[in-house]
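Engineer: Before we start, here is the structure in question, set down as structure tokens.
Just so you know, all these numbers are worked out from the coordinates, no wet-lab data involved. Everything numeric in this text was worked out from a predicted model, so none of it was measured. Quick reminder, even Gly has a Cβ in these numbers, built from the backbone with ideal geometry, and neighbours come from all protein chains shown.
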Amino acid sequence: MEKFDQNQISSIVRRAVLECLATQRSQQAQAEDPLEIFNSPEANALKEEILRVGRKLWKRQYVDGNGGNISVRLSPHYVLCTPTLCSKGDLCREDLSLVDLDNYQICGDRPQTSEILLHLEIYKAVPAAKAVIHCHPPYATAHAVAGVVPQGNLVPEQEVFVGPVALAPYETPGTHAFAKTVLPYVKDHNTILLANHGIVCWADTVTHAEWYVEVVDTYCKTVMIASHLRPMLNEIPPEKIADLLAIKKRWGLPDPRLASDPQAVETPAIPAKDGAQSAAPIRQPASYEVDELVSRLTAEVSGFLLGTE
Ligand SMILES: [Zn+2]
């Protein structure tokens with residue numbers, strides 16, 4: 001086996017695997033005509049969903065002025081999103097635009113939201129994320145301003161749909177640095193408090209992402225009121241929390257308490273309701289999967305070469 005250097009074989013195999021993946025991605029990209037998919041029936045349905053959810057966010061006072069933004073993954077490479085400087089209560093279909101994962105605006109007359117960088121980081125990090133909402137609901141934002149993560153295990157809906165929320169550090173909104181603040185948390189949390197700013201939620205549909213906003217803001221409000229009634233709050237017993245985690249696992253919802261079972265967070269599977277649209281699933285291999293494939297292939301190639309000696 002001295003004739004064959006294991007590291008050299010591994011690096012050749014890795015190059016081949018990465019080249020195949022790059023070719024596959026570029027073929028997929030060429031197969032998509034952005035203008036066609038921007039005007040497709042599927043896109044139009046998603047645009048209507050964004051408008052409906054925008055009005056809900058505004059009516060519930062989760063967005064103020066031109067604050068907040070909504071996006072949805074339309075295809076492996078393209079994302080529909082709300083524009084900058086527009087109230088979410090006044091959106092119309094023509095306001096929405098299409099960007100690629102590098103934040104190039106492909107279609108739409110109005111410039112995309114400056115917070116799209118945050119959304120794109122989430123789409124790139126979490127294949128299961130199909131929709132992202134960023135907004136400023138008052139009770140959750142109050143926690144983000146105080147730097148207080150709400151106590152957990154108090155209300156079943158919070159545990160099942162959201163679970164423990166993370167707190168990302170403050171950065172200037174609209175910047176790449178801000179967008180990256182969520183990366184340490186986003187795989188295990190569908191809802192993150194953004195320090196001194198607001199929250200961000202991701203889900204399998206825009207409708208579900210808005211549900212999480214409602215659930216977490218109501219939860220934060222309930223915890224604040226309950227804490228005034230009694231400083232020590234009654235938690236749900238651990239064995240009953242285990243029941244709730246089993247439900248989350250069945251539905252494929254992320255939760256750091258399920259981290260020992262990565263399969264549990266692969267594919268959210270809550271059935272779409274209320275006109276919610278699910279975009280086609282995207283399957284990009286994670287880097288650890290590429291590593292595993294390379295080491296398997298390297299072992300096979302090495303074994304084969306050994307057999308030819
Ligand atoms: Zn904001």
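Engineer: Which of HIS189, HIS77, HIS228 comes first, and how do the rest follow, when ranked by fewest Cβ neighbours within 10 Å? Don't skip to the answer; put the middle values down first.
Structural biologist: Values: HIS189 24, HIS77 20, HIS228 7.
If I rank by nearby Cβ atoms, fewest first, I get HIS228, HIS77, HIS189.
Engineer: If you take the beta carbon distance between HIS176 and GLU42 as r and set R0 to 30 Å, what does 1/(1 + (r/R0)^6) give as a FRET efficiency, to the nearest 0.05?
Structural biologist: It comes to 0.50.
Engineer: Additional query: With a ≥ b ≥ c taken as the square roots of the eigenvalues of the C-alpha gyration tensor of the stretch 4-111, please select rounded if a/c is under 1.5 and otherwise prolate if a/b is larger than b/c or oblate if it is not?
Structural biologist: Here the stretch 4-111 falls in the prolate category.
Engineer: Can I ask one more? So what are the stretch 196-265's ellipsoid semi-axes, whole angstrom, largest first, if each one is the square root of 5 times an eigenvalue of the alpha-carbon gyration tensor?
Structural biologist: Values for the stretch 196-265, descending: 24, 20, 10 Å.
Engineer: Which loop chymotrypsin sites (Phe, Trp or Tyr not before Pro) in the stretch 26-105, with loop taken from DSSP, have no more than 15 other Cβ atoms within 10 angstrom of their Cβ?
Structural biologist: For chymotrypsin sites (Phe, Trp or Tyr not before Pro) across the stretch 26-105 that sit outside H, G, I, E and B with at most 15 neighbouring Cβ atoms in 10 Å, the list reads TYR104.
Engineer: Further, regarding this structure: What does the charge count near ALA129 come to, summing +1 for each Lys or Arg and -1 for each Asp or Glu among other residues with Cβ under 11 Å from its Cβ? Present the calculation step by step, with values, prior to reporting the outcome.
Structural biologist: Numbers: positive: ARG73, LYS124, LYS130, LYS187; negative: GLU121, ASP204.
Around ALA129, the surrounding residues sum to +2.
Engineer: Here is a follow-up. Here is the link list: LYS124/LYS240; LYS47/LYS180; LYS59/LYS249; LYS130/LYS249. Which ones come out longer than 30 Å on Cα distance? Mind dumping the intermediate values first?
Structural biologist: Working: LYS124/LYS240 34 Å; LYS47/LYS180 27 Å; LYS59/LYS249 32 Å; LYS130/LYS249 19 Å.
LYS124/LYS240; LYS59/LYS249, as the Cα separations exceed 30 Å there.
Engineer: What percent do you get for the relative contact order of the stretch 75-154 when only Cα pairs under 8 Å and 6+ apart count?
Structural biologist: Numbers: 81 pairs, mean separation 16.7, N = 80.
Relative contact order of the stretch 75-154: 21 percent.
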